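Peer 1: Okay, here's the structure, questions in a sec.
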Amino acid sequence: MSARHRLLDSPHLGRRVHLWTFGDVGLPLVVFPSNAGVAHEWKHQGMIDALGPLLAAGRVKVYCPETNVSQSFSGEGGVGWRMKHHRAYERFVLETLVPFIREDCRMPDVQITATGCSVGALYTSLFVLKHPETFSQGLCLSGRYRASAFFEQSGSNEDLYFNDPLAFLPNLGGRALERVRRNAHITVVVGTGAHEHGCIPETAELGTLLRKKGIPNHVAFWGKESSHTYPWWQKQARHYLSQLF
């Protein structure tokens, strides 16, 4: 299995973006990091090792970009400034990262699976729900899906509404909803043990909305021994990604 570090030029972010890739062949998996926002997170936390059998079998090729979460969801400042940074990151993903992945995989129209833990699960849900023709599958682990909670001291605006799954999903309908129903599947997982307390009700609420909207999904609550930690995310990622690939 190959592991490579790259720097992608992003006109939207105005800088070069760190990206780690793992594997030589296989269908693409994009990993959005947690609150640290660093590209090497899954490598350093044993998550890539946990996917070793999938990588060795050539079933998956993993792409781990950094995020600018420290300037958006976990940043400081007004909501307009922070959502401007998130919009720039979204454009980077769609207009720089996705074309790079498709060229790297030699699959010009391939649909991509996304995953992430904690804040990375929020990113995953957003890209699948907003761009289902590109991100057709999502695995969300121990996520928080009420994005407005990150902005309680800085107000709200339309951009935040459309990047808050528990805000926009109840009102999603018509052609926009049909796009998601037709193209996407979301797996949402949370433990019921240590440090998962805030994730549990938001996972339940997201699961209820997905069912009400008829969006293909699987929602799972692991036992009280499971916690908001990488050893458990390793087990969950290995279990569910083995089914998705």
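The values are calculated or read from the model by the stated rules, or taken from the named source; none is laboratory data. From a predicted model like this one, the values you see are computed outputs, not experimental measurements. For neighbour counting, all protein chains shown are included, and Cβ atoms are generated from backbone atoms with ideal geometry for every residue, glycine included. The area values use the complete protein model at the heavy-atom level, side chains included, leaving out ligands, DNA and RNA. Shrake-Rupley method; radii C 1.70, N 1.55, O 1.52, S 1.80 Å.
Peer 1: Under 6 Å between Cβ atoms, at least 6 apart or on separate chains: pull out the pairs that start in region 41-57 with a residue that is assigned to a helix (DSSP H, G or I) and end on any residue that is among the β-branched types (Val, Ile, Thr) and surrounded by 20 or more Cβ atoms within 10 Å (Cβ to Cβ).
Peer 2: Trp42/Val31; Trp42/Ile48; Leu54/Val60
Peer 1: Would you check if Arg182 is open to solvent by 40 Å² or more (accessible area, probe 1.4 Å), over 13 Å from the mean Cα position of the chain (by Cα) and without any contact (Cβ under 8 Å) to a residue 24 or more places away in the chain? Quick ask: steps written out before the conclusion?
Peer 2: Values: open to solvent by 40 Å² or more (accessible area, probe 1.4 Å): yes; over 13 Å from the mean Cα position of the chain (by Cα): yes; without any contact (Cβ under 8 Å) to a residue 24 or more places away in the chain: no.
Answer is no for this residue.
Peer 1: Let me ask something additional. Where in region 60-145 are the helices (runs of 4 or more DSSP H), entirely inside, with at least 3 residues that are of a type in the set (Lys, Arg) and over 13 Å from the mean Cα position of the chain (by Cα)?
Peer 2: On the way: elements: 79-92, 98-105, 119-130.
Filter on region 60-145 gives 79-92.
Peer 1: Right, next: Name the pairs: first residue in region 100-124 and open to solvent by 10 Å² or more (accessible area, probe 1.4 Å), second residue assigned to a strand (DSSP E or B) and not aromatic (Phe, Trp, Tyr), Cβ to Cβ under 7 Å, at least 6 apart or on different chains?
Peer 2: So the pair list comes out as Phe100/Leu8; Cys105/Pro28; Cys105/Lys61; Val110/Leu27; Val110/Pro28; Gln111/Ser136.
Peer 1: Step by step: first the residues of region 200-245, then only those that are surrounded by 18 or more Cβ atoms within 10 Å (Cβ to Cβ) and of a type in the set (Gly, Ala, Ser), then the one that is nearest to the chain's Cα centre (by Cα). Which residue is that?
Peer 2: Per the criteria, the residue is Ala237.
Peer 1: Right, here's the next one. All but one of (1) under 27 Å from Gly78 (Cα atoms); (2) modelled with pLDDT under 95; (3) loosely packed, with under 15 Cβ neighbours inside 10 Å hold for His197; state the number of the condition that does not hold.
Peer 2: Among (1) under 27 Å from Gly78 (Cα atoms); (2) modelled with pLDDT under 95; (3) loosely packed, with under 15 Cβ neighbours inside 10 Å, the lone unmet condition for His197 is (1).
Peer 1: Further, regarding this structure: Would you check if Ala56 is open to solvent by 30 Å² or more (accessible area, probe 1.4 Å) and at pLDDT below 95? Break it down stepwise before answering.
Peer 2: On the way: open to solvent by 30 Å² or more (accessible area, probe 1.4 Å): yes; at pLDDT below 95: no.
Answer is no for this residue.
Peer 1: Looking at (1) of a type in the set (Val, Ile, Thr); (2) open to solvent by less than 70 Å² (accessible area, probe 1.4 Å); (3) touching a Gly at 6+ places or on another chain (Cβ under 6 Å), find the lone condition where Val25 falls short.
Peer 2: Status for Val25: all satisfied but (2).
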